[in-house]
Every structure is written in structure tokens, then in C-alpha cells.
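**Student:** Just passing along the structure, written as C-alpha cells.
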Amino acid sequence: MSVSQEYFGETHNMVRDTVRKFVGREINPFVEEWEEQGEFPRELYGKAGEAGILGIGYPEAYGGSGGDIFLKIAACEELMRCGSSGVVAGLGSLDISIPPILSLGTEEQKSRFVPPVLKGDKISALGITEPNAGSDVANIRTKGIRKGDHYLVNGGKMFITSGARADQLTCAVRTGEEGFKGVSLLVIESDTPGYSVSRKLRKMGWWASDTAQIFFDECQVPVENLLGKEGQGFYGIMQNFQNERLQLSVIANMTAQLALEESLKYAQDREAFGRPLSGFQVTRHKLADMATLVEASREFVYRVAAKIDAGKKQIKEISMAKNFACMVSDRVTYDAVQIHGGFGYMREYLVERLYRDNRILSIGGGTQEIMKEIISRHILR
Ligand SMILES: Cc1cc2nc3c(=O)[nH]c(=O)nc-3n(C[C@H](O)[C@H](O)[C@H](O)COP(=O)(O)OP(=O)(O)OC[C@H]3O[C@@H](n4cnc5c(N)ncnc54)[C@H](O)[C@@H]3O)c2cc1C
């Protein structure tokens with residue numbers, strides 16, 4: 001994969017180098033074991049914090065190292081080289097849960113909730129989805145009723161990345177009327193009485209990331225933990241989606257990139273009927289299509305990212321980019337397994353995991369159908 005000079009300069013390459021070394025030293029030797037165990041050690045957050053990886057793109061005032069959107073993309077691309085998007089998603093749960101604190105929080109909230117997470121001392125997760133409300137965010141039912149100096153929270157959250165061991169949850173609750181106007185965001189600390197992890201969920205892919213169901217029973221959350229004003233939660237969630245969709249697009253592109261690289265190697269090494277697989281025109285053409293799709297998707301995502309970085313609204317474009325990247329990663333991981341034949345179905349081959357892990361990408365952070373709803377709203381009168 002050639003790194004585009006148009007978007008990445010010296011600082012980005014330095015970050016790439018740091019993350020690449022970190023992945024080689026702290027992740028690659030253990031990643032197979034973590035996948036089988038269904039989690040990576042909690043200490044990895046501390047190590048990533050110490051190496052400055054968790055703070056990339058965040059304000060220096062709260063322990064981050066600043067930088068543009070392409071620093072974040074460079075770091076994500078290099079992390080993905082570990083071959084486990086489960087590790088990347090688990091380590092990256094701060095990237096979906098910290099931005100609402102930064103955009104809606106007070107100075108005191110930012111100073112309290114952000115630095116320990118960027119250091120890797122605390123784990124932060126995002127709690128929006130519920131057993132009965134996923135795409136339909138405005139319909140969440142977890143209640144937060146104000147009682148004096150606290151909110152009494154009752155309800156539960158579903159499919160929460162890093163949920164089993166999160167120390168704090170940026171959580172959507174209903175503090176007011178039905179619909180989106182009644183949704184607020186609270187930061188709920190996991191040691192608050194009434195907060196419990198109901199269960200860790202077993203899943204198709206992302207084995208190394210923990211995904212949990214969380215339960216609130218008369219959970220007393222101090223009013224100081226409300227982000228922004230009551231009723232501003234839906235706005236905070238929607239604003240956050242742009243960021244999450246960009247990250248998922250990058251993860252999809254890297255999933256496809258890795259599947260392509262594995263297939264290129266395999267097609268040249270594996271022989272059938274007295275010639276390498278790449279000797280069959282059908283295989284060569286499949287590889288050519290895969291390479292074309294991966295490159296087109298990567299360039300499109302970079303283009304949209306550059307516009308976001310320049311402060312332009314890209315709601316329609318990021319929805320298109322996510323769907324396109326996921327369509328590409330669906331196709332490329334499918335073809336990669338096909339090129340590997342029976343070995344592609346075996347756990348010791350990376351393409352098997354890429355194929356499984358890929359499936360969540362067109363569901364999480366807004367499904368493929370919801371992306372199409374957004375796009376169609378922008379293109380129809
Ligand atoms: C591994 C994993 C990690 C996750 N991590 C988190 C997390 O950290 N925090 C969090 O809050 N959530 C998380 N989620 C939840 C994820 O964001 C939701 O699963 C997703 O938004 C879809 O919601 P749902 O599962 O309730 O599906 P539903 O909303 O019930 O949708 C089911 C199907 O109906 C379709 N559909 C729904 N509405 C429409 C419509 N209007 N038009 C057309 N089709 C429609 C959907 O596209 C989908 O195909 C995670 C999920 C998984 C599996």
C-alpha cells in the first residue's frame with residue numbers, strides 16, 4: 001500500500017512509525033492468543049496511552065497530542081496491521097465516547113473525564129443502543145429522572161464495546177419527552193451503585209473486543225455528569241456519528257487492504273494444475289478488481305476526511321463513504337477467502353478472521369440501510 005503524499009506528511013509518517021513499532025512489540029506477538037481468549041489485557045490501554053497513541057487528535061490541554069484528522073487515520077491504519085479489528089475497536093472505544101464530552105462538556109467535566117482515558121488509566125465506552133432501540137436512537141427508553149442533585153437512572157444498554165470493563169460510559173438517557181428532544185447524555189461511572197454489567201456477549205467476530213449488556217437499577221448519577229443541557233443528547237450523538245463513520249470506513253478499507261495483500265501472496269505461492277493460482281486469468285482478474293476497489297474506496301474516504309478536516313459538513317458523503325467502503329470490504333474479504341480455497345476457511349489464515357470481523361462494519365455506527373436513508377434525504381427533493 002503506497003502512502004498518499006497528498007494527505008500524509010512528515011508528522012504523519014512519524015506517527016505511523018511509532019504505531020507500527022508499538023503494534024510489532026505490544027500486539028502482534030500476542031494477538032492470536034487474545035483472539036482465542038476473547039479479550040486483550042487491560043494493560044494494553046496503559047501502554048498505548050504511554051506511547052501517546054490514545055491521545056492522537058485530542059487537545060493537548062487534556063493530555064492529547066493534537067493534530068489533524070489524517071494523524072488519526074494514519075494511527076488507525078497502522079493499528080489495523082495487527083489483523084484484529086477487535087483489538088482496534090476495543091482500544092478505540094474512547095474515540096466514540098470522548099468526543100461528546102469534548103463538544104458538550106464543561107471545563108470541569110473535560111478535565112475530570114478526558115485525561116485519565118487518554119493516559120489509558122481508565123476505559124471509556126459509549127452507551128446508546130438498547131435491546132429495543134438501535135437505529136431508532138430517538139426511541140431509547142432508559143430513563144434519567146432528576147431527583148435533587150442527581151438523576152435516577154433505570155434501564156439498560158446493549159452491544160456496548162468495552163462495556164464489560166469500562167470505567168465510564170457516555171450514556172444516552174431519556175430525561176424528558178418522547179422523541180429526540182427528550183434525550184440527554186450523562187457520563188455514568190461504573191462504580192456508581194445500581195450500575196452493573198449484565199453479561200459479556202459472545203459474537204461472530206471482533207473476538208478480542210469485549211461487548212456487553214449493561215443494566216441500571218436505581219442508579220444515582222450526579223447532575224454534574226450531565227453533558228450540555230437536558231435535551232441536547234441527540235444532537236451530541238448525531239455529531240459524533242460523523243467521526244465514528246469515518247473510523248469505520250478506515251477500518252473497512254484496511255480490512256480489504258489486508259485481505260488483498262494476503263491474497264496476492266497466496267495466489268503467487270499456491271500451485272494448482274502445475275502453475276501458481278495467479279497463472280489463471282480468472283484469479284488475476286479477481287485480484288485486479290479487488291485492488292481497484294480498495295484503491296477507489298481509500299481515495300474517496302481520504303477526500304471526505306480532508307473536507308471534514310477543513311470544517312465542511314459531509315453528512316451525505318461520509319454515509320456514502322461508509323457504505324462504499326463496507327461494500328468493498330464485503331466483496332474483497334469474500335473473494336480473499338475464495339482465493340485461499342479450503343485454507344481460507346481455517347482459523348490459522350488471516351483471511352478467515354478478516355471475513356468474520358468485517359461483517360459488523362455495515363451494521364455498527366449506523367447500518368447500511370440507515371446510511372441509504374441519509375443519502376436519499378440529501379439527494380431527493
Ligand atoms: C459488535 C458490536 C459493537 C457495538 N458497539 C456499540 C457501542 O459501543 N455503543 C452503542 O451504543 N452501540 C453499539 N453497537 C450497536 C450498533 O450500533 C447497532 O447494532 C446498530 O446501530 C443497529 O441497531 P440494531 O442492532 O438495534 O438494529 P435495528 O435498528 O433493529 O435494525 C435491524 C435491521 O433493520 C434495518 N432498519 C432499521 N430501521 C430502518 C429504516 N428506517 N429503514 C430501513 N431499514 C431499517 C436495519 O438497517 C437492520 O438491517 C454495537 C453493535 C455490535 C454488533
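**Student:** If you bin the C-alpha pair distances of the range 246-303 every 5 Å from 0, what whole percents do you get?
**Tutor:** Binned Cα distances yield the sequence 4, 20, 25, 19, 13, 9, 7, 3, 1.
**Student:** Provide the per-residue ³J(HN,Hα) series for the range 9-16, in order, calculated from phi with Karplus coefficients 6.51, -1.76, 1.60 and θ = phi - 60°, each as a whole number of Hz, with x at glycine and proline positions.
**Tutor:** For the range 9-16, the Karplus-derived couplings read x, 4, 4, 5, 5, 5, 5, 3 Hz, x marking Gly and Pro.
**Student:** Output the relative contact order of the chain, whole-number percent, from Cα pairs under 8 angstrom with separation of 6+ residues.
**Tutor:** 15
**Student:** Here is a further query. Per residue, how much accessible area does the range 171-231 show when a 1.4 Å probe rolls over the protein heavy atoms, in square angstrom?
**Tutor:** Normalised by residue count, the accessible surface of the range 171-231 is 47 Å².
**Student:** Under the classification rounded if a/c is under 1.5, otherwise prolate if a/b is larger than b/c and oblate if not, where does the range 196-256 fall, given a ≥ b ≥ c as square roots of the Cα gyration tensor eigenvalues?
**Tutor:** oblate
**Student:** Right, something else. From the helices alone, meaning DSSP H stretches of at least four residues, give me the mean residue ellipticity at 222 nm for the chain, per-run term -39500 (n - 2.57), in deg cm²/dmol to the nearest 500.
**Tutor:** That calculation yields -15000 deg cm²/dmol at 222 nm.
**Student:** A further question on this structure: Before I look further, what does the range 280-381 give for accessible area per residue, probe 1.4 Å, in whole square angstrom?
**Tutor:** 54
**Student:** Let me ask something else about it. How would ASP149, ASP330 line up by accessible area, probe 1.4 Å, largest first?
**Tutor:** So the residues, ranked largest to smallest area, are ASP149, ASP330.
**Student:** Mind listing the phi-derived Karplus ³J(HN,Hα) values for the range 303-311, rounded to whole Hz, using 6.51, -1.76 and 1.60 with θ = phi - 60°, and x for any glycine or proline?
**Tutor:** Values, residue by residue: 4, 5, 4, 4, 5, 4, 4, 7, x Hz.
**Student:** Give the separation of the Cα centroids, the range 281-343 to the range 234-268, in Å.
**Tutor:** Value for the Cα centre distance between the two parts: 8 Å.
**Student:** Of all the C-alpha pairs in the chain, what % are more than 41 Å from each other?
**Tutor:** More than 41 Å apart: 12 percent of the Cα pairs in the chain.
**Student:** Treating the angle as unsigned and between 0 and 90°, give the value, to the nearest 10°, between the Cα long axis of helix 233-269 and the longest Cα principal axis of the chain.
**Tutor:** 20
**Student:** For the range 294-302, just list the computed ³J(HN,Hα) in residue order, Karplus coefficients 6.51, -1.76 and 1.60, θ = phi - 60°, integers in Hz, with x standing in for Gly and Pro.
**Tutor:** Per-residue couplings from phi come out as 4, 5, 4, 5, 4, 5, 5, 5, 4 Hz.
**Student:** From largest accessible area down, sort ILE145, ILE73; use a 1.4 Å probe on the protein chains.
**Tutor:** So, going from the largest accessible area down, we get ILE145, ILE73.
**Student:** Report the full-extension gain for the segment GLU218 to LYS313: residue separation times 0.36 nm, less the Cα-Cα distance, to one decimal in nm.
**Tutor:** So the chain would gain 30.3 nm between GLU218 and LYS313.
**Student:** For a test of the definition: using alpha carbon positions, the gyration tensor, and the 1.5 limit on a/c, classify the range 148-205 as rounded, prolate or oblate.
**Tutor:** Here the range 148-205 falls in the oblate category.
**Student:** Okay, moving on. Let me make sure I get this right: for the range 117-214, a, b and c are the square roots of the gyration tensor eigenvalues over alpha carbons, sorted descending. Under 1.5 in a/c it's rounded, otherwise prolate if a/b > b/c, else oblate. Which is it?
**Tutor:** It comes out oblate by the Cα gyration axes.
**Student:** Return one number: the angle in degrees, 0 to 90 and rounded to the nearest 10, between the long axis of the Cα atoms of helix 69-80 and the longest principal axis of the Cα atoms of the chain.
**Tutor:** 60
**Student:** Continuing with this model, one more query. For the range 271-337, which chymotrypsin sites (Phe, Trp or Tyr not before Pro) are in a loop by DSSP, counting at most 16 other Cβ atoms within 10 Å?
**Tutor:** Sites meeting the loop and neighbour criteria: PHE273, PHE280.
**Student:** Now, a different point. So how do TYR235, TYR355, TYR45 rank on accessible area, 1.4 Å probe, biggest first, that is with the largest at the start?
**Tutor:** Ranked from most to least accessible, the order is TYR235, TYR355, TYR45.
**Student:** What's the carbon and sulfur percent of the chain's accessible surface, probe 1.4 angstrom, rounded to a whole number?
**Tutor:** Carbon with sulfur: 52 percent of the solvent-accessible area.
**Student:** Same structure, new question: Taking the solvent-accessible surface of protein heavy atoms with a 1.4 Å probe, what is the per residue accessible area of the range 26-129 in Å²?
**Tutor:** With the other protein chains kept in place, the range 26-129 gives 35 Å² per residue.
The values are calculated or read from the model by the stated rules, or taken from the named source; none is laboratory data. Remember, predicted model here, so these are calculated numbers, not experimental data. In this analysis, Cβ positions are derived from the backbone assuming ideal geometry, glycine residues included, and neighbour counts consider all displayed protein chains. Remember, those area values only see protein heavy atoms, side chains included, never the ligands or the DNA or RNA. Shrake-Rupley method; radii C 1.70, N 1.55, O 1.52, S 1.80 Å.
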